[in-house]
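Structure first, then comments.
Every number in this text was worked out from the coordinates using simple rules, so none of it is lab data. Bear in mind that the values here come from a model prediction, so they are computed numbers and not experimental data. Neighbour counts are summed over all protein chains in view; Cβ atoms, including those assigned to glycine, are modelled from backbone coordinates with ideal geometry.
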Amino acid sequence: MDENSLLDKSALKVNSGIEQPPIVNPNAISRLKKNRQKLLSVDEYVAGITSGNRTILSKAITLVESVLPEHHAMGQEIIEKCLPYSSLSIRIGITGVPGAGKSTFIESFGKLITGMGYKLAVLAIDPSSSRSKGSILGDKTRMETLSIDPDAFIRPSPSAGSLGGVARKTRESVILCEAAGFDVVFIETVGVGQSETAVHSMVDFFLLLMIAGAGDELQGIKRGIMEMADLLVINKADGSNIVKAQQARAEYQSAMQLFPPTESGWKPKALTCSALERIGFDEIWETISSHIQLTKDNGFFEAHRRQQSKYWLYESINESLSDNFYHHPEIERNIESIENQVLEDKISSFAAAKQLLSLYLNK
């Protein structure tokens, strides 16, 4: 619909004979286009990040998250140049059951950390709709106090339907945050699920948040996730829930003693806290600090980070190969018909896969 048609339907119509004003301020449109089109050079992004410019840091993370090839290529250059300035932070993964109060915990615990003089970055993975791919991105709303803290940086990112909402892009965002001078990086996951394996492969310390009084405590979470945890924290240990929280802590601590010894030599612990009343955080930070000191002293810290780099090397290869396969012209032309043949039992799944791979490899 053109501008004249819009004016005919508008209640804010100017009488004939008088010059009709534009519906939208042309200066605003000009500024918007200018901001959208303005991309800095790689060196300008790197200089901005390493000087602690959060606006440029946010823009660089957006480039890393972008699906546009030209943005992706620039993002990789920025990451490569930021690598020498990274690896100096403590990376902490935080996950928990739904309703455990992760956002409240992160805000309260984050304020403790910034209060001690550290700079904190929070990479919060928001759940995306599997249908619309839309995301609420509400972490900044839930962390009102922390979001305005000058020593904190909160970056909500949509999971976009990916497995568990975490992947290579989150790890790359960690590198950029470290290059920007952040001492501690939190990575919050969507919830308890397969995403925890990915988070565990990019952090130094894994914290599992639980609540008491929600049914059978030991059946409420998968054993595999509990085995990954370096610290299990029972949140909401306040008011009438204190006794239940202490009982749950004792049960979890007993259960964790049955797990095989960890490679790091660390013995996982269970603690209680109240994110609402900010109780128990000093002990949690002391536990994290003890774990980092132990693993640095016995060499596990560096060995673990090297192993993580190797893991993400092969994850990146698998992701790139998969992406390249499905966007290959021959595959795009034939995959639907071959899939239909499988569904109609005209060809086996294995034969179909071999046929598609032959098309991809031009055999």
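Taken together, the residues in the stretch 293-308 that are touching a Phe, Trp or Tyr at 6+ places or on another chain (Cβ under 6 Å) and loosely packed, with under 11 Cβ neighbours inside 10 Å amount to 0. Just one of the listed residues (ALA303, ALA270) is out of contact with any Cys (no Cβ under 7 Å at 6 or more places or on another chain) and assigned to a helix (DSSP H, G or I), and it is ALA303.
Residues of the stretch 311-351 that are without any contact (Cβ under 8 Å) to a residue 40 or more places away in the chain and small (Gly, Ala, Ser): SER320, SER322, SER337, SER348, SER349, ALA351.
When the test is whether a residue is within 19 Å of SER320 (Cβ to Cβ) and crowded, with 23+ Cβ neighbours inside 10 Å, ILE113 does not pass it. The condition of being part of a helix (DSSP H, G or I) and either in contact (Cβ under 8 Å) with a residue 40 or more places away in the chain or of a type in the set (Lys, Arg) (or both) holds for only one of ILE92, ILE106, that being ILE106. Filtering the stretch 309-334 to residues that are surrounded by 12 or more Cβ atoms within 10 Å (Cβ to Cβ) and either part of a loop (DSSP other than H, G, I, E, B) or in contact with a Phe, Trp or Tyr (Cβ under 8 Å, 6 or more places away or on another chain) (or both) leaves PHE325, HIS328, GLU330, ILE331.
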